[in-house]
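Visitor: Dumping the structure here so I can ask a few things about it.
Just so you know, all these numbers are worked out from the coordinates, no wet-lab data involved. On a predicted model such as this, the values are computed, not experimentally measured, just so you know. As a convention, Cβ positions derive from the backbone with ideal geometry for all residues, glycine included, and neighbour counts pool all protein chains shown.
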Amino acid sequence: MRKRILRKTRGADRGEQAPLPPGVPGSEPASVAEPTGPRPPLPPKPDQGTPEPVSPTGQDTGADPLRDAQGGEHLTTAHGARRSDTDHSLKAGRRGPVLLQDHHFREKVSHFDHERIPERVVHARGAGAHGVFRGYGTAERISAAHVFKKDVETPVFVRFSTVLGSRGSADLARDTRGFATKFYTAEGTWDLVGNNIPVFFIQDAIKFPDVVHAAKPHPDREIPQAQSAHDTFWDFVSLHTEAQHHTIWNMSDRGIPRSYRTMEGFGVHTFRLVDDDGRSVLVKFHWKPKLGVHSVLWEEALLANGADPDVHRRDLADAIEAGAFPEWELGVQVFEDNEEQMFRGIDLLDPTKIVPEELAPVEPIGLMTLNRNPSNYFAETEQVAFNPNNLVRGIDVTNDPLLQGRLFSYLDTQLSRLGGPNWTQLPINRPHAPVNDMLRDGMHQTAVHTGVAPYHPNSLDGNNPFPADEPARPFIDVPAPVAGSVKERGAPVSFEDHFTQARLFWLSMSDVEKEHIARAYAFELGKCWEQAVKERQLQALANIDEKLCAAVAQSLGLPAPKPTVKHGRIAPSPALSQVGGQWPLDGRLVGIVVGPDPDEKDLLAVTGAIDAAGMVPLVVAPHGGPVGRGGLVAQRTYLTARSVEFDAVLVAGAVPPASDAQPSFDAKAGARSGPGIDPRVQLLLDETFRQAKAIGTWGRSGALAAAGLPEGAPGVVAGRDAAAVVEQVVELMRSHRAWERFPVPGRL
Ligand code: HDE
């Protein structure tokens, strides 16, 4: 078939008239015989099939050009010439100057000089993982998408991210988290580019540069890094009150997640699902983590950013490596696709609004399991390029003005970030469905396209590629009527309420969560310099809740203003609170503090029990190396361990007053001096206690008394029998934290 086309092409080059294929305007009727008769589609072009480990010269290179960057045993140049020395440059004499002709030196250094690409303008820091999505079939009644069909398994790649910080910033910044999923479906790639917060700061994409300029570091000194605790951020959100709803989520525990594995994800905008008959519904997407939604305390975030700034990256990679594959259920809230696009007074096109789950339940439609770590950060996590335009049959967009703007921005940003228009050819971005486009050439073109007619209609390539007819399941453009015919810059009246849902969020929080929110505002505004900014934000807080405003105002030493908006009765949404419930513990970390000579039988039983509960035991010993005489090895020492790493801490038997191994000045700094316990263990226990995490001790440890911690406090277990103590600690951990350890006065 291909040969015939090439012959015909050459004929056409000579000026012979090639007849148009049937179906093309001006073509002969279909009954005309070859070479003008209908042709089946061309076989996949070489760049569209699975690449073969064969070079263009026909020689087997042993390497898959897409997956294996390296082949053969020996060091070579980029051109495959073997090199015997990569440690010395070519010089005129051993003490002489380096020669320009040293290609190996120039190639090595020059390539290195160009190793970095621009970081993402937002969401620069992230972590990725591969996995699979399995449809439950429950969405088949509302969507034609193949990915939702029952038991269809679709490979996915997910990238989690912080928004504000640079690539090298710390993971536990108070920030929104990106939750972007690429589904490599059999009918094309679908990107669900969401966040862990269901609303956004702005209602119109034209404001995106404004909010990002305000939130990023100040342009004069480029500080502060990865933080919203500064004047320009609060200046913007206090002036631009539609941001207040998103901001209260950031100030809540949602802004400092325990792990990427314990975050919800949201599509934020309202999308459209459409079935094979063209009937459509409106939906909001939710990712629900099987492990529950959990956060850390602000103190832990601060400590972790110094002690382990990669805490979230590490947690995700370690959990997957350990086989504790994180899972999320994808669910949808479903609404009628009518002209108003409103639900109980909530404008579904307003991305600063949620629809409480109590009013529209989230219906599960599939399960995602992340089960493989990337093998190369740059090639996969850095080069992955998401794009909300990547839609497939059965999934479409709405007129949400924020979403509409994103449809431009993501494609555009990849041009500078990935250096040209061919980023879809990068292995991580390549669709798993066959590609037959008419896009050609451009920077970094790696495909070798064949044929001569990348245009439509054509007669020279047999009219390939053929537009798909209905049996071939093309994308369905929903013929949605366009509302209004007046060209104008403006927003609907329904976008004007900026405080009702911020108050709804506040009213839905438990007492402890309210305390955290009030403290977060007090901290962030306390870091601002401009009085006017603080006063304006206090006004916004008064419009959310007077008690919240009063608490923050008191901390700032400013008067609390009176509200300027009036609220009617607002029913709280219990689904918004993270507190309560019992959760699986997969991949949680338990520190086990031991002395120089622990009871090994006990210790082995305890590590075994923690392991059996799906968690990771980490033995913390006075020094590295073997623990006692047995088979266990210290994973942490008193010096390297810090509370923020552990979800619970156990003390196995007696701990020495001061370890002979590391009696350092550092170790004593900041620790309360307890009678007879190593100051580093004292610090570890103090922090763990303050962070409301479970603590357990057994044997003749006396560790709690020695550390001055109250035995019998909620979440603290002491006993003779290690197994019984561990069992109780595991049970306590299921509720994430012993919040009742510090009853809050309920003043908010
Ligand atoms: Fe993004 N956003 N965004 N965003 N966004 C980017 O695209 C943009 C918005 C989100 O892991 C950029 O490839 C505009 C909402 C995630 O690679 C850029 C607007 C939501 C990621 C961009 C928004 C998101 C990005 C930067 C306002 C949640 C990281 C690099 C209309 C629903 C994806 C890139 C990854 C990244 C533009 C608002 C989520 C510049 C103009 C709302 C998770 O194109």
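Visitor: How large is ³J(HN,Hα), in whole Hz, for each residue of the stretch 612-629 in order, when computed from phi with the Karplus curve 6.51 cos²θ - 1.76 cosθ + 1.60 and θ = phi - 60°, using x for Gly and Pro?
Guide: Residue by residue, the stretch 612-629 yields 5, 7, x, 10, 10, x, 10, 7, 10, 10, x, 8, x, x, x, 9, x, 9 Hz.
Visitor: Hey, got a sec? Which GluC sites (Glu not before Pro) in the stretch 358-430 land in a DSSP loop and have at most 16 other Cβ atoms within 10 Å?
Guide: E358
Visitor: Calculated FRET efficiency, L100 and H74, Cβ-Cβ r, R0 25 Å, to nearest 0.05? Could the numbers behind the result be given before it?
Guide: Values: r = 25 Å, r/R0 = 1.02.
E(calc), rounded to 0.05, equals 0.45.
Visitor: Tell me, what HN-Hα J-couplings in whole Hz come from the Karplus equation 6.51 cos²θ - 1.76 cosθ + 1.60 at θ = phi - 60° for each residue of the stretch 400-407, using x for Gly and Pro?
Guide: Running phi through 6.51 cos²θ - 1.76 cosθ + 1.60 with θ = phi - 60° gives 3, x, 6, 5, 4, x, 5, 4 Hz.
Visitor: Right, here's the next one. Most exposed first by the Cβ proxy, i.e. fewest other Cβ within 10 Å, how do I544, I428 rank?
Guide: I428, I544
Visitor: Starting from the Kirkwood radius over alpha-carbon pairs of the stretch 126-429, derive D by Stokes-Einstein at 10 °C in a medium of 1.306 mPa s and give it in µm² s⁻¹.
Guide: Estimated diffusion coefficient is 80 µm²/s.
Visitor: In what sequence do H146, H269, H111, H79 fall when counting other Cβ within 10 Å, fewest first?
Guide: Working: H146 20, H269 25, H111 10, H79 7.
Least crowded to most crowded, the residues run H79, H111, H146, H269.
Visitor: To continue, here is another question. Which whole-Hz ³J(HN,Hα) couplings does the stretch 500-517 yield from phi under the Karplus relation 6.51 cos²θ - 1.76 cosθ + 1.60, θ = phi - 60°, glycine and proline marked x?
Guide: Result, rounded to whole Hz: 4, 7, 5, 5, 4, 4, 4, 5, 8, 7, 6, 4, 5, 5, 5, 4, 4, 5.
Visitor: Here's something else I'd like to know. Could you tell me the calculated FRET efficiency between D151 and Y410, based on Cβ-Cβ distance and R0 = 35 angstrom, to the nearest 0.05? Intermediate values should be presented prior to the final figure.
Guide: Values: r = 31 Å, r/R0 = 0.88.
Efficiency, from the Cβ-Cβ distance: 0.70.
Visitor: Over the C-alpha atoms of the chain, what are the Rg and the largest Cα-to-Cα span, Dmax, in Å?
Guide: Gyration radius and largest Cα-Cα distance of the chain: 30.3, 100 Å.
Visitor: If you bin every alpha carbon distance in the stretch 589-741 into 10 Å steps from zero, what whole percent lands in each bin?
Guide: Reading the bins upward from 0: 12, 47, 35, 6.
Visitor: Can you tell me the Rg and the Dmax, both Å, for the Cα atoms in the stretch 549-645?
Guide: Answer for the stretch 549-645, Rg first and Dmax second: 23.7, 70 Å.
Visitor: For H449, what residues show an amide H to amide H distance below 5 Å, using hydrogens built from the backbone and excluding near sequence neighbours?
Guide: none
Visitor: Another one. Using Cβ contacts closer than 10 Å as the measure, can you line up E731, E321 from fewest to most?
Guide: Fewest to most other Cβ atoms nearby, the residues stand as E321, E731.
Visitor: Sticking with this structure for a sec: In terms of modelled amide H atoms, which long-range or inter-chain residues lie less than 5 Å from the amide H of R177?
Guide: Long-range HN contacts for R177: N196, I197.
Visitor: Could you state, as a whole-number percent, how many of the C-alpha pairs of the stretch 257-361 are farther apart than 17 Å?
Guide: The calculated P(r) of the stretch 257-361 puts 64 percent of pairs beyond 17 Å.
Visitor: For S89 and S485, compute 0.36 nm times the residue count separating them, minus their Cα-Cα distance, and round to one decimal in nm.
Guide: 135.6 nm
Visitor: Give me the distance between the Cα centres of the stretch 360-396 and the stretch 502-565, rounded to whole Å.
Guide: 36
Visitor: Taking 0.36 nm per residue of separation and subtracting the Cα-Cα distance, what length does fully extending A322 through Q531 add?
Guide: Numbers: separation 209, 0.36 × 209 = 75.24 nm, distance 5.01 nm.
Length gained between A322 and Q531: 70.2 nm.
Visitor: With a point put 7 Å past each Cα toward its Cβ, work out how far Y377 is from E119 in nm, to one decimal.
Guide: Computed distance between label sites Y377 and E119 equals 1.1 nm.
Visitor: Using the Cα gyration tensor of the stretch 499-576, with a ≥ b ≥ c the square roots of its eigenvalues, what is the shape: rounded (a/c below 1.5), prolate (a/b larger than b/c) or oblate (neither)?
Guide: oblate
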